[in-house]
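Have a look at the structure below before the remarks.
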Amino acid sequence: MLALGRTNLDQRLKVLTVLLLLPCLSESISSRVGTRDVVPAPIVVPSSQSWEGNDGPWSTFAIQIGTPSQTLKVLISTSSTETWAVASEGCVAGDAINCQKLRGEIWNYNDSSTYVPNIANISSSIYGLDLETSLGLTGKGRYGFDTITLGWQGSGGPTLKNQTLAGIATKDYFMGLFGISPRPSNFTNFNHPIPSYMQNLRNQSLIPSTSWAYTAGNPYRLNAVFGSLTLGGYDKARLIPNQVYFPLSYTADFPVQIQGISTNNTVSLLSAPVPASLDSTVPYLYLPNATCLLFEKAFGLVWNDTANLYLLNDTQYATLKAQNPTITFQLSPQGSTATVNITFPYSAFDLTASAPLVTSKTRYFPLKPSNDTVPTTIGRTFFQEAYLIADFERKNFTISQCNWEGSLAQNIVAISPPTNGTSSNTSSSGSPLHLGAIVGIAVGGTMLLLLCCAFVYAWLPLEANLKKRSKQIVQKLPQQSKHREQISNLSLSSRQERKWPLK
């Protein structure tokens, strides 16, 4: 009976010991899970540190394509989902001797061992460039899949294999493009989408979200400020923040309402508010014809039918340079009264056109008329002074005036996906409660509950058993005292009679 009680007691003590060790197991599990759930940092894509383009100059970005890698310089497209590279067919007889350099270098798919043609169309890998057709830009591309790395060789930029890529020859797009829209591409129908580069970065946990931030940079401030592109976050040092959030549609570009355009002399350049979209793919400001006429009157602009541009002669340029007007765009979300002002110096509109737009380099003003078939579009010129943060997870974007004060040292902030407690109108820089923390909390809570159960299971029966045994011992004390005395005398006698060896 006593042995059976001791056995039960030992079993309960073992259970209690195991349960006491469970918190250590909990910590181990949490740490192991947590290490697999590290939140990636945003990727800062470095500029090429140079200026290119036949309608700029513009700050470009370096990318590497294929195996072995071929390095090209491209512009950023906020509306494209793909990467376009100028193909060898893009420079032909009659072009400038340095055509390849002017177009940011060319890409030859035949020199890449990892290139795979897009054979969604069995007969050909040539498809139309259906990007800016409403603005009159046309062309075709040889589509396929290849390895694309962001940045110069050795810069440590991300590398993704089997990315959608088009080799282009048309001069409507003089430079190659790197598309940062997370939307997929489709070559057959919408049932077979191909993920974009941005989405693949997110799928491989290389960025915290498909959000991004971009400004084009400009050559006229602080001895030239290169463009800034952050994937999965934004550079807090590059903007003057505001609290105006614009709704973002996954299938549309960046819609805004132009509430007003004015000069520093309070001259209005917009007769009535007009809806528009932001798009860095093109350099121009496509504004209603009535607005173009107001620009002509205010700045003495003259439309050139041959070049389809507002070209400036030396006299016009000298006059505008001396006046140095500033132009302010007042934008709001469509259907909202909240507004954001973005102000531009004249230098932002002082651009240079070259072949094939014109026969020789000529200054021009980047304004073109929009109409019923040509949508009102605010192009790359705008991004010289504006900082755009696109938060696709929260379906909103912000437009901020660029900050030109201080050293502009990077201050990168991650944009994490929203949690249940995060506002849909706020880009979060904090870290969400990740899998490791959730598992740790769950395991820790379970351990606490089990420990409480262990106390009830092991300690209370133990206490009752000890009381019972104590009572039995007390009852047997008189008999045991006599036995102890006999045993004690026997032990003493044995010790006295036993002889120990010397060694």
Failed item in (1) at pLDDT 95 or above; (2) more than 20 Å from the chain's Cα centre (by Cα), with S271 passing the rest
(1)
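Looking at the stretch 270-291, which of its residues are hydrophobic (A, V, I, L, M, F, W, C) and closer than 25 Å to T78 by Cα?
V274, A276, L278, V282, L285, L287
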Tally, over the stretch 341-353, of residues that are surrounded by 18 or more Cβ atoms within 10 Å (Cβ to Cβ) and more than 14 Å from Y310 (Cβ to Cβ)
3
Test: residue in the stretch 135-143 that is touching a Pro at 6+ places or on another chain (Cβ under 9 Å) and free of Cβ contacts under 8 Å to residues at least 40 places away in the same chain:
no
Going through the stretch 322-350 one residue at a time, which ones are aliphatic (A, V, I, L, M) and closer than 15 Å to F299 by Cα?
A322, I327, A348
When the stretch 114-134 is examined, which residues are found to be touching a strand residue (DSSP E or B) at 6+ places or on another chain (Cβ under 6 Å) and without any contact (Cβ under 8 Å) to a residue 40 or more places away in the chain?
P117, S125, I126, G128
Which one of these is within 26 Å of V92 (Cα to Cα) and either among the aliphatic types (A, V, I, L, M) or without any contact (Cβ under 8 Å) to a residue 60 or more places away in the chain (or both): L150, L160, L177?
L177
Give all pairs with beta carbons closer than 7 Å in which a residue from the stretch 252-267 that is touching a residue at least 40 places away in the same chain (Cβ under 8 Å) meets a residue that is β-branched (V, I, T) and open to solvent by 50 Å² or more (accessible area, probe 1.4 Å); count only pairs at least 6 apart in sequence or on separate chains.
Q259/T339
Condition first: of a type in the set (G, A, S), farther than 24 Å from D55 by Cα and surrounded by 15 or more Cβ atoms within 10 Å (Cβ to Cβ). Now tell me which residues in the stretch 256-309 satisfy that.
G260, S262
Quickly run through the stretch 109-139 and pick out the residues that are of a type in the set (A, V, I, L, M) and part of a loop (DSSP other than H, G, I, E, B).
I119, A120, I122, L129, L131, L137
Among the residues of the stretch 244-301, how many are under 27 Å from G227 (Cβ atoms), in a loop (DSSP other than H, G, I, E, B) and of a type outside the set (A, V, I, L, M, F, W, C)?
11
For residues in the stretch 371-397 being surrounded by fewer than 22 Cβ atoms within 10 Å (Cβ to Cβ) and hydroxyl-bearing (S, T, Y), which is nearest to A338 (Cα to Cα)?
T376
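May I ask you to list the residues in the stretch 198-209 that are open to solvent by 10 Å² or more (accessible area, probe 1.4 Å) and either in a loop (DSSP other than H, G, I, E, B) or in contact (Cβ under 8 Å) with a residue 12 or more places away in the chain (or both)?
Here is the first cut: in the stretch 198-209, the residues open to solvent by 10 Å² or more (accessible area, probe 1.4 Å) are 199-200, 202-206.
Listed by number, the residues that qualify are Q199, N200, R202, Q204, S205, L206.
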For the stretch 312-431, give me every one of the strands (runs of 3 or more DSSP E) that falls completely inside it and has 2 or more residues that are within 31 Å of the chain's Cα centre (by Cα) and within 22 Å of V274 (Cβ to Cβ).
326-332, 340-345, 386-391, 396-402
Out of the residues in the stretch 180-197 that are in contact with a helix residue (DSSP H, G or I) (Cβ under 9 Å, 6 or more places away or on another chain) and more than 30 Å from C91 (Cβ to Cβ), state the one that is least open to solvent (accessible area, probe 1.4 Å).
P182
List every residue pair whose Cβ atoms lie under 9 Å apart, where the two residues are 6 or more positions apart in sequence or sit on different chains, the first residue falls within the stretch 360-381 and is free of Cβ contacts under 8 Å to residues at least 40 places away in the same chain and closer than 20 Å to L311 by Cβ, and the second residue, located anywhere, is open to solvent by 30 Å² or more (accessible area, probe 1.4 Å) and aliphatic (A, V, I, L, M).
K361/A355
Applying the selection to the stretch 142-173, what residues are within 29 Å of A353 (Cβ to Cβ) and surrounded by fewer than 23 Cβ atoms within 10 Å (Cβ to Cβ)?
R142, W152, A169, T170, K171, D172
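The values are calculated or read from the model by the stated rules, or taken from the named source; none is laboratory data. All values derive from a computational prediction rather than experimental measurement. Note: ideal-geometry Cβ built from the backbone for every residue, glycine included; neighbour counts use all protein chains shown. Accessible surface areas use protein heavy atoms only, side chains included; no ligands, DNA or RNA. Shrake-Rupley method; radii C 1.70, N 1.55, O 1.52, S 1.80 Å.
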